[in-house]
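First comes the structure, then the notes that go with it.
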Amino acid sequence: MARPLIAVLRGGYTGESVISMQSARTMMEALDTDRFEALYVTVGREQWTCERPDGSAVTFDRGGFTADRGQGPERFAAALIAIHGTPGEDGKLQGYLDMLGVPYQTGGVLAMALTMSKFSTTSLLRQMGFRVSPSVLLHHPAADAESRILAEVGLPCFVKPDGSGSSLGISKVKAAHELRPALDKAFAEDRSVMCEGFVRGRELTCGVIRLNGRVQALPVCEIRTSSEFFDYHAKYHAADTQELVPAPIPDAITRIVQDRSAAIYTALKCDGMVRVDHLWADPGEAENDVVTIEVNTTPGFSPASIYPKMLNAAGIGVPAAINGLVEGMLQR
């Protein structure tokens, strides 16, 4: 009997495609080849291609999401989405796969489209009663943008492309004259820019995963960096960045972060592997001492990424997580 054919989707249209290729490789290497046969599907603006893990090409049809592994065209049984940013993190691929009836491990179209926008996510979380930082959304670099930011958010603040990941295009602004260059940098990455009030605290992040039908929060990670914040360089290149799992924090804060991360995962109808970022006002131990910053619905999964470390610290491990997600998809 033929093994189920699994697509590992990688690439995408943004600067995060380099990380996507690494994330996809981690997923591919974790899959149990006795149970599944997996192929890469590389998504680009101009074309999609299909390759075996050894790099050899496979005949592929994007219209039917089929590949020919030797017995004629065959639709993929399930898809692991390893694309960070569009079209894998904003609902586009999810809509395509929904129309073809192919299950995938992430949240659905609405959940992914919503959480792709940092401003929409935190605005909804605020309405739901979760503590987040004040923010303002700009759709173009208007002449009064600086005055609006100063009045509604204040300084210091973060200026972020609303829909980009891996901290691309983000600036920490401490003085008014820094706002315009920060806005220009952010608008170079996205047509919408979010300006968010600065929160002083220790940076914590918590993974959440649904395995065997159960939502589970992973051990909390504390991020320590000599950079102003956890930017792209600090994430992938800085030698002095520390990712401490489990985080050396009080048990009460661990419970607050894990409970809130799982609650946000459920409230936003997330699925698969998600990471929720927070700031903790040390030494406070109350619910209000933790501020939620961001929800990452296709978190980095390269060997240098935090999520595999959290899976290992939880005693789950990467292979069990990836194969468990695939098994869950095939049972839908």
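Exactly one residue out of 123, 147 is hydroxyl-bearing (Ser, Thr, Tyr), assigned to a helix (DSSP H, G or I) and at pLDDT 95 or above, and it is 123. Scanning segment 1-43 for residues that are among the acidic types (Asp, Glu) and not in a strand (DSSP E or B) yields 16, 29, 32, 34.
I want to confirm something. Restricting to segment 246-257 and keeping residues that are crowded, with 19+ Cβ neighbours inside 10 Å and within 22 Å of the chain's Cα centre (by Cα), which single residue is farthest from residue 217 (Cα to Cα)? Only one residue fits best here, namely 247. Restricted to segment 273-291, and to residues that are surrounded by 22 or more Cβ atoms within 10 Å (Cβ to Cβ) and of a type outside the set (A, V, I, L, M, F, W, C), which residue is nearest to residue 207 (Cα to Cα)? Among those that are surrounded by 22 or more Cβ atoms within 10 Å (Cβ to Cβ) and of a type outside the set (A, V, I, L, M, F, W, C), it is 275.
One residue stands out in segment 182-218 among those that are outside the structural domain of residue 157 (by TED's automatic domain parsing) and more than 26 Å from residue 288 (Cα to Cα): the one that is surrounded by the most Cβ atoms within 10 Å (Cβ to Cβ), namely 210.
The values are calculated or read from the model by the stated rules, or taken from the named source; none is laboratory data. None of these values were measured; they are calculated from a predicted model. Positions of Cβ are backbone-derived with ideal geometry, glycine not excepted, and every protein chain shown enters the neighbour counts.
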